[in-house]
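Below is one structure, written out as structure tokens; the observations come after it.
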């Protein structure tokens, strides 16, 4: 069991009455136990909660008046991922894919697998199928794309990254997802709280690939131990799991999604991490 | 009540064992009654059916061996759309949107509302909100984009269409959806069987916008009477409702999605058509 | 006659030995008399001068060592544009175009007239040919594209601007050029020193269209009186007339291309300005 | 000496009075001797000739009336390329580049070296500079891009090819040029008549890189012996050297740019070919 403490504060300067949809709460699922959590708005505001029935993303909607707005989320989460042996994890034949995984083979806004079909075949089509092929995708990205903060923007897509050869965790995940889908491996985007040794605290993007009947977690950036990561949301790509979607006029003035590992009797492990 | 007869035949030449996911059956919902239907494969094949719990899309999956493959779908459908008065249909404030409509405000593969945000504001931001604003979007598209068969391809997106200024029904729908989303109006893609007076029989793409608490049907091409249209599928864009997704190697050799109006005691109507 | 004083200072912080190609000197041509000018480098450096035989652009090449580098260009220039009557200026039939203007009908890096062919025809194809059609192009751009500092970057092209609907003088010129070329009107990019009443001092981008056997100057931004503008360079697009091209590692730390009108007995004029 | 016979016939169906600019005549330069040539139009038409003073491209302009149009170009050309030793050919330092080669470092319509800067550095930045680095660029392209007729269109650019991973000779040349320019090696596009053993007769695209004070010929497709190639035109990219630019309405109905080697006492050679 790994116990994680999350302390996330977001501050905004609201100019006009604005609607916010937040997706900052840790997801509740069998591998991730919410031990305690609080969500608070300053000034205090009524809020509406909604959990996506399929993807388990937890959304909160508020309406804020002009002035400063502070959102605080604090939680203690117990992580208990199941693990598997990479060597024996196969790709699922199309005929065996659960129908609800099929949409995750389709291209999405930032993961244009349709455009990258030939490249995926040329680079990875000859590799043995299975967990190791997804690992090869991750390795290719680490070796061919520069991780560079500020090199991309919210409009940047996988096809852009292939040209510009630089990006951040979000771009790495988008590109990996696009390659997997082009190889007929369902893949989806994960927004998370991660414990970075180094960079400033930030949300972290990773991805899952569907192999051998389960979703497995991958991180092409290798910036954080995968089994210490707390999932916030799951989607086709970043568009589905923005931590805040603002309808109105407001600027973010501060963000500090801090993560502390309270207890870890597992260690970083070179195993496949089952996430659902 | 409008009664429609559908007779759709798709032929393929399969080179290697291939998996197909078809989405060609009429959707079942309160406005669309399946009076009778048959789905047949030649050679006969076992198939697996799946209905998307949220969007009601009906998928069929088969595995075909090399050789010719013929898929026949025949149905009689009763259409009974509810109508509304365009003059009184308002846009829904964000705070009033059901949470399950929120994903339809987000950009998708072919509807990059994020890129078209400023254009949507400049062209339509000053118009009175409501049903008439979505009509203005449709009118703009008819006036600024050439409908031209062969002018686009499966990779063509709304942003491409804004540059190239030509497209088919699918492109018209994608662009309309992108504009609506950029205006914070949830919008989604509809694949359908339509009764064209003129062009060769084909699937038809339209879109729905969420206004005043309901989804309303729009067709920027104005090629077919909207109340004679039989819905096949609903999605974020064309990617979700391809009539056939092929995993393997197969060429389509023939397609004839014929539609006949058996009975129509309604006529084409200049009203808002509620579709869910 | 209009007399203009230019005082342009560029400062760099050079990290490694770097080559610079500058294009900051006023062009010499029959409408533009260099009354006096000085070009100085601090620290002093030997430099090599080159004037493009066709386009009359004046390039200076230096090699700078690590450390600060300051470039100062001061000039007094007499401008004496010939003017024409917009009402009588015709477009040139292709058969009458001097062969050396033909390359300026072709697409270039930032002016993809090939992609905008249909849009140009739809928007401007029905207008009467002549000077007024180029004015219509300029007007369309002012009305449909937001002038917004910071909204574009050096990679931004005319096709991007059509999607994003915002840009600066450089983007306005690129788009106008692309439209003109798509209408078979040769058009080229002008880098200049302009006298802005308002915005901070900066280089200014404009464009020329070839009409009735001559090049005429246009400014879709309408930010500066066209007859007070001092031409620096002429090219297919911004790529040909960058004020500085750096081969190596250096950051610009300061830029102040100041312009003063010393004498103007002409005034801003609503006439066609012949520029070559 | 290599003697080549060229027999090129182009047929058009002209719908409306149209202007054509052809660039189909062999260039005249010190390595390429026009022994004899004829250019004929059927129906006979007056034509205007123009040779670009810098690039030596030979343009012919005609005005054709509605009806069929046939253009025939026949020539015997003597090729006598100078050769060099790849092992000793260096890249030219920026400070040593003749100023007239500088524009060939800039990005152009189909060679967006600005977008591919980081990729060029990552893939080729660590290689020893010189002739062999340009060879490495060619090899990379052969190994990573599929040569596939029909996979690209006239709008396809180097950045598109990096995503789609397929193209024809024109695309291979564009990508090679973009990479070279991103490495500060001037590079330009060559349109030519080539002697293909295999594919149907066609124009051939290659490129030149400026190394050690001279232009050297490269062919990333390796489809034709480089020393048997007859140059037609030289430009920034395909846009400058289209074999026909049509202003009006006309369809090409036939094209057969045949090439025969009359005499070759040289053989295909693994040497650097100096072309100017």
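Worth pointing out:
- Residues satisfying the stated conditions in region C:160-181, i.e. part of a helix (DSSP H, G or I) and within 11 Å of chain B (Cβ to nearest Cβ): C:160, C:161, C:162, C:163, C:164, C:178
- Complete set of residues in region A:1-18 that are closer than 20 Å to residue A:249 by Cβ, in a loop (DSSP other than H, G, I, E, B) and away from every other protein chain (no Cβ under 14 Å): A:15
- Residue match in region C:70-82 (condition: within 14 Å of another protein chain (Cβ to nearest Cβ), over 30 Å from residue D:63 (Cβ atoms) and in a strand (DSSP E or B)): no
- The listed residue being on the phi > 0 side of the Ramachandran plot, in the same structural domain as residue A:103 (by TED's automatic domain parsing) and surrounded by fewer than 24 Cβ atoms within 10 Å (Cβ to Cβ), out of A:222, A:135: A:222
- Taken over region B:110-132, the criterion of being assigned to a helix (DSSP H, G or I) and either facing chain A (nearest Cβ under 8 Å) or without any contact (Cβ under 8 Å) to a residue 12 or more places away in the chain (or both) is satisfied by B:118, B:122.
- Scoring residue C:95 on the criteria (1) over 30 Å from residue C:47 (Cβ atoms); (2) buried (at least 20 other Cβ atoms within 10 Å of the Cβ) leaves a single failure, condition (2).
- Residue in region D:252-262 that is over 24 Å from residue D:59 (Cα atoms) and in contact (Cβ under 8 Å) with a residue 60 or more places away in the chain present: yes
- Taking the criterion of being more than 9 Å from every other protein chain (Cβ to nearest Cβ), under 18 Å from residue A:109 (Cα atoms) and touching a helix residue (DSSP H, G or I) at 6+ places or on another chain (Cβ under 9 Å), the only residue of region B:134-156 that qualifies is B:156.
- Yes/no for residue D:184 being assigned to a loop (DSSP other than H, G, I, E, B), surrounded by fewer than 24 Cβ atoms within 10 Å (Cβ to Cβ) and under 16 Å from the mean Cα position of the chain (by Cα): no
- Among residues that are in the same structural domain as residue B:191 (by TED's automatic domain parsing) and either surrounded by fewer than 16 Cβ atoms within 10 Å (Cβ to Cβ) or farther than 25 Å from residue A:237 by Cα (or both), residue B:86 is included.
- For region A:185-193, the criterion of a residue being out of contact with any strand residue (DSSP E or B) (no Cβ under 6 Å at 6 or more places or on another chain) and in the same structural domain as residue A:88 (by TED's automatic domain parsing) is satisfied by no position.
- Counted residues, region B:1-52 - those being in contact with a helix residue (DSSP H, G or I) (Cβ under 7 Å, 6 or more places away or on another chain) and farther than 21 Å from residue B:273 by Cβ: 4
- Residue in region B:87-109 that is more than 11 Å from chain A (Cβ to nearest Cβ) and part of a strand (DSSP E or B) present: yes
- All positions within region A:19-67 that are assigned to a loop (DSSP other than H, G, I, E, B) and exposed (fewer than 14 other Cβ atoms within 10 Å of the Cβ): A:30, A:43, A:44, A:46, A:53, A:54, A:65
- Count of region D:218-238 residues, restricted to those that are modelled with pLDDT under 95 and under 26 Å from residue C:114 (Cα atoms), is 0.
The values are calculated or read from the model by the stated rules, or taken from the named source; none is laboratory data. Given the structure is predicted, the values throughout are model-derived calculations rather than measurements. With ideal geometry, Cβ positions are generated from the backbone for all residues, glycine too; neighbour counts draw on all protein chains shown.
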